[in-house]
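The values are calculated or read from the model by the stated rules, or taken from the named source; none is laboratory data. For clarity, every value in this text was computed on a predicted model and none was experimentally measured. So basically every Cβ, Gly included, is an ideal-geometry build from the backbone, and we count neighbours across all protein chains shown. Just so you know, the surface numbers come from the protein's heavy atoms only, side chains and all, with ligands and any DNA or RNA stripped out. Shrake-Rupley method; radii C 1.70, N 1.55, O 1.52, S 1.80 Å.
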Amino acid sequence: MSVRLARTMWHQIEPVHATLYFSPEAFEEAAALGYDVTTRWPSYFAWRTAPLGAAGPALVAATYYSFSPSMIAEYVPGVWETATPAQVLEARLRAMDRTLRGLLGDRIDDGVKEAAELAIRAAESVDVAHRPLAAANLDLPWAEEPHVALWQAYTVLREHRGDGHLTALHAAGLDACEALVSFAAVGAAPAENFAGRGWSDEEWAAARDRLAGRGLIDGEGTATPAGRALRDQVERMTDELAAGPWRALGEAGAERLAELNLPLLGAVFEAGLLPTVTTLGIGKIQAPE
């Protein structure tokens, strides 16, 4: 049950977590720090990496996995010349305070405190071994405002799952570019959705050739039965590795959290802040990190 619950709760929390990377309020805060917001990548790398400190490109490539190292190097460590990690973290909390207040309006206090308490309990139970992004976010103090603390807890849980997903991809023998190619090959998202991750046409083609050599995709770039089975294996392992905090919270606690989260989740989708759910991977298959 906890394995199925892990996927169900991922569907609940991923959209809320992801608002940081798309909300107008977050872009305003990023611009105030001095970041170029004509593209989302400078603020994305700053927001997501700041809990790790002034990380360099190798660490970011290791923890993000599916981004091209050359693309990462365009932004990291340069993002820390614009603002320090501490400044970014302060602005991140302001961004989420404003974003969530804008989404919930008068409903900001309706069940949010209880939801935050449940989410924090789940977040504080995570096993952070081999989970650097989850651990770095868990090291941060909880915000005093319940709605911001709720987002922080969701972020710990989201990164905990994401870190585990990378373990599953690595166990399946899928390198960073192959992870994206295999995701596209099963029809979970078109290849063009990942153009922003920085892989060249030559690198993408080489990854396709490697997967074809393993019998995982055919000549058209479509997953073979073996390729689909491998992706299923990745999904099962991802869910298993993400189950711990939901096992600790319990089915009743998780169901209550999902119930309390519905107004916020609905507000996120109604606002139209996010790209397609397949880009985020909110479906049967998780998009590579």
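Sequence gap at least 6, Cα distance under 8 Å: using those rules, report the relative contact order of region 108-167 to the nearest whole percent.
Working: 60 pairs, mean separation 27.0, N = 60.
Value for region 108-167: 45 percent.
Return the Rg/Rh value of the chain, two decimal places, where both radii are evaluated on C-alpha atoms and Rh is the Kirkwood radius. Can you show the working numbers first?
Numbers: Rg = 18.5 Å, Rh = 19.3 Å.
For the chain, the value is 0.96.
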Computed label-point distance, nm, for sites residue 58 and residue 84 using a 7 Å Cα→Cβ extension = 2.5
With the convex hull built on the Cα atoms of region 204-279, state its orientation-averaged projected area in nm².
-> 7.6
In debye, nearest 20, what is the charge dipole magnitude of the chain about its Cα centre with +1 on Lys and Arg Cβ and -1 on Asp and Glu Cβ, if you could check?
-> 500
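Accessible area per residue, 1.4 Å probe, Å², for region 129-168: what's the number? Don't skip to the answer; put the middle values down first.
Details: 1270 Å² over 40 residues.
Each residue of region 129-168 exposes 32 Å² on average to a 1.4 Å probe.
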Fraction of alpha-carbon pairs over 20 Å apart in region 119-278 - percent = 60
Would you give the gap between the C-alpha center of region 30-92 and the C-alpha center of region 162-184, rounded to a whole Å?
-> 22
Amide H partners (placed H, <5 Å) of residue 217, local residues excluded = 212, 224
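Compute the relative contact order of region 1-136 as a whole-number percentage, counting only Cα pairs closer than 8 Å that sit 6 or more residues apart in sequence.
Numbers: 101 pairs, mean separation 37.2, N = 136.
Averaging sequence separation for qualifying contacts and normalising by length gives 27 percent for region 1-136.
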Per-residue HN-Hα couplings for region 118-132 [Karplus 6.51, -1.76, 1.60; θ = phi - 60°; Hz; x = Gly/Pro] | 5, 5, 5, 4, 5, 5, 6, 8, 5, 8, 8, 4, 6, 10, x
Return the sequence-ordered ³J(HN,Hα) values of region 170-175 in whole Hz as given by the Karplus equation 6.51 cos²θ - 1.76 cosθ + 1.60 applied to θ = phi - 60°, using x for Gly and Pro.
-> 5, 5, 7, x, 9, 6
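Extension gain residue 3-residue 36, at 0.36 nm per residue separation less the Cα-Cα distance, in nm?
Values: separation 33, 0.36 × 33 = 11.88 nm, distance 4.03 nm.
Using 0.36 nm per residue and subtracting the Cα-Cα distance, I get 7.9 nm.
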Dipole of region 152-234, Cα-centred, from +1 at each Lys and Arg C-beta and -1 at each Asp and Glu C-beta, to the nearest 20 debye?
-> 320
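Please give me, ordered by residue number, the GluC sites (Glu not before Pro) of region 58-141 that lie in loop per DSSP and have at most 10 other Cβ atoms within 10 Å.
none
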Positive dipole terminus of the chain, leading residue within 264, 61, 216 (C-beta point charges) = 216
Rounded to the nearest 10, the angle in degrees between the Cα long axis of helix 225-242 and the longest principal axis of the Cα atoms of the chain comes to 30
Residue among 89, 230, 125 farthest towards the positive dipole end of the chain, charges placed on Cβ = 230
Rounded to the nearest 10, the angle in degrees between the Cα long axis of helix 85-104 and the longest principal axis of the Cα atoms of the chain comes to 70
